[in-house]
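J.: Mind looking over this structure? Questions follow.
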Amino acid sequence: MKMQAFKAALPHTLPIAVGFLFLGVSYGFLMRSLGFSFVYPMLMSLFIFAGSMEFVAAHLLLLPFNPWRALGLALMVNARHLFYGISMLDKYKGLGWKKPYLIFGMCDESFTINCTVKLPADVDSGWFMFFVTLLNQIYWVAGATLGSLLGYIIKFDTTGIDFVMTALFVVMFLGQWDEAKEHRPALVGLGCACLCLLLFGGDSFVLPAMALIVLCFTFDRKRAEQTTKEAA
Amino acid sequence: MTIEQQIITILAVVAGTMLTRFLPFLIFPEGRKPPKYITYLGTVLPCAVIALLVVYCLRDVVFTDWHGLPEFLAIAFIVFLHRWRKNTLLSIAGGTVFYMLLVQGVFT
């Protein structure tokens, strides 16, 4: 059962291996260039395990000591995880000891795969999601540690390789789009995000976009429920 | 910062991150049925939040020299590949290689 779930999970994580090894290596480079030993990126990637926040944390360590600012920034940068949690309440149900780890390791990429992949009936979804999360974390920690240890060896031009993450999300979006009967949720997300990006700029649009998305869905709820009833 | 202060700072970041991940599960433990409204959000949010992630990845490109043209072309290429072959790995790898060729060769 475990082996089968592992075999099912591995191909889904391969694009993330590419992206995470590269991003992790750049994070490792960055930490080294700021003067930190490899122990920092290794432990931070292991325990924080939220890519963008680790880049922010690298710079926080160079500012005057202020743990409250660190806590507040982490809450804001990672607020989108609240949506992931709400989306996964049902899927992570009844998984025993795996559940706390699945929640701990719920980065954008693991969430996206665990939330969208439709499994064949003979694959255990608990183990599948566990391996997806574990493999992704291994890639990330390995990348960050490697980057800080052996940065100087990699010489080929990697400009643009970080687009692999964007590509992953685009493909997941397409997959969801093709499967959904109702395209309003996807369009609401896209519309609210674009609108807030234009209004608030790249650094601070996520929170307003989340609020606007919830607001739209709240207004849309009655109509949506009726449609589901008719469809069922 | 001293080592102790660095450790406290990192722990604060860990705590903030974990709070955002665990909070929904703490508020709605398995024994307690979440209100219908939350269950409803759980069914519509996945599509919306992945759209949000796509925009999040592209947040800075609009303000660069090419105003996101290479990104737009690469995404169009991904859509084409995905419609054509329906192979997740191929679409992701193809789109990324195409984008790398664009930013290294054409839009330099």
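J.: Within 10 Å of each candidate Cβ there may be at most 11 other Cβ atoms; applying that plus a DSSP loop requirement, which chymotrypsin sites (Phe, Trp or Tyr not before Pro) in segment A:1-105 survive?
T.: Those that pass, being in a loop and sparsely packed, are A:Trp97.
J.: Which net charge results when you count Lys and Arg as +1 and Asp and Glu as -1 among the other residues whose beta-carbon is under 11 Å from that of A:Val206?
T.: Numbers: positive: A:Arg80, B:Arg59; negative: A:Asp203.
Taking every Cβ under 11 Å from that of A:Val206, the sum is +1.
J.: In degrees from 0 to 90, rounded to the nearest 10, what is the angle of the helix B:88-101 Cα long axis to the longest principal axis of chain B?
T.: On a 0 to 90 degree scale, this one is about 60.
J.: Related question: Can you tell me what the convex hull of the Cα atoms of chain A projects to on average, as an area in nm²?
T.: Here the figure is 15.2 nm², rounded to one decimal.
J.: For the charge dipole of the protein assembly as shown, defined by +1 on Lys and Arg C-beta atoms and -1 on Asp and Glu C-beta atoms about the Cα centroid, which residue among B:Ala74, A:Leu23, A:Cys192 has the Cα displaced farthest towards the positive pole?
T.: A:Cys192
J.: For a footprinting-style exposure proxy, rank A:Val39, A:Val25, A:Val170 by other Cβ within 10 Å, fewest first.
T.: Working: A:Val39 11, A:Val25 23, A:Val170 26.
Listing A:Val39, A:Val25, A:Val170 from fewest to most nearby Cβ atoms yields A:Val39, A:Val25, A:Val170.
J.: Among B:Ile27, B:Ile78, B:Ile38, which one shows the highest mean-square fluctuation when chain B is modelled as a Gaussian network with alpha-carbon springs under 10 Å?
T.: B:Ile27
J.: Oh, and also: For chain A, what are the DSSP H helices with axial Cα length of 30 Å or more and mean Kyte-Doolittle hydropathy of at least 0.0?
T.: Sorted by number, the helices that extend far enough and score high enough are A:2-33, A:125-150, A:206-231.
J.: Roughly what angle does helix B:69-85 make with the longest principal axis of chain B, taking Cα atoms, 0 to 90 degrees, to the nearest 10?
T.: Between the helix axis and the principal axis of chain B, the angle is about 90 degrees.
J.: Could you sort out which of A:Lys118/A:Lys222; A:Lys99/A:Lys222; A:Lys2/A:Lys99; A:Lys222/B:Lys86; A:Lys91/A:Lys181 sit more than 23 Å apart by Cα distance in this structure?
T.: On the way: A:Lys118/A:Lys222 28 Å; A:Lys99/A:Lys222 32 Å; A:Lys2/A:Lys99 16 Å; A:Lys222/B:Lys86 34 Å; A:Lys91/A:Lys181 20 Å.
Pairs exceeding 23 Å: A:Lys118/A:Lys222; A:Lys99/A:Lys222; A:Lys222/B:Lys86.
Coordinate-derived values only; no laboratory data. Bear in mind that the values here come from a model prediction, so they are computed numbers and not experimental data. Every residue, glycine as well, gets a Cβ built from its backbone with ideal geometry; the counts of neighbours run over all protein chains shown.
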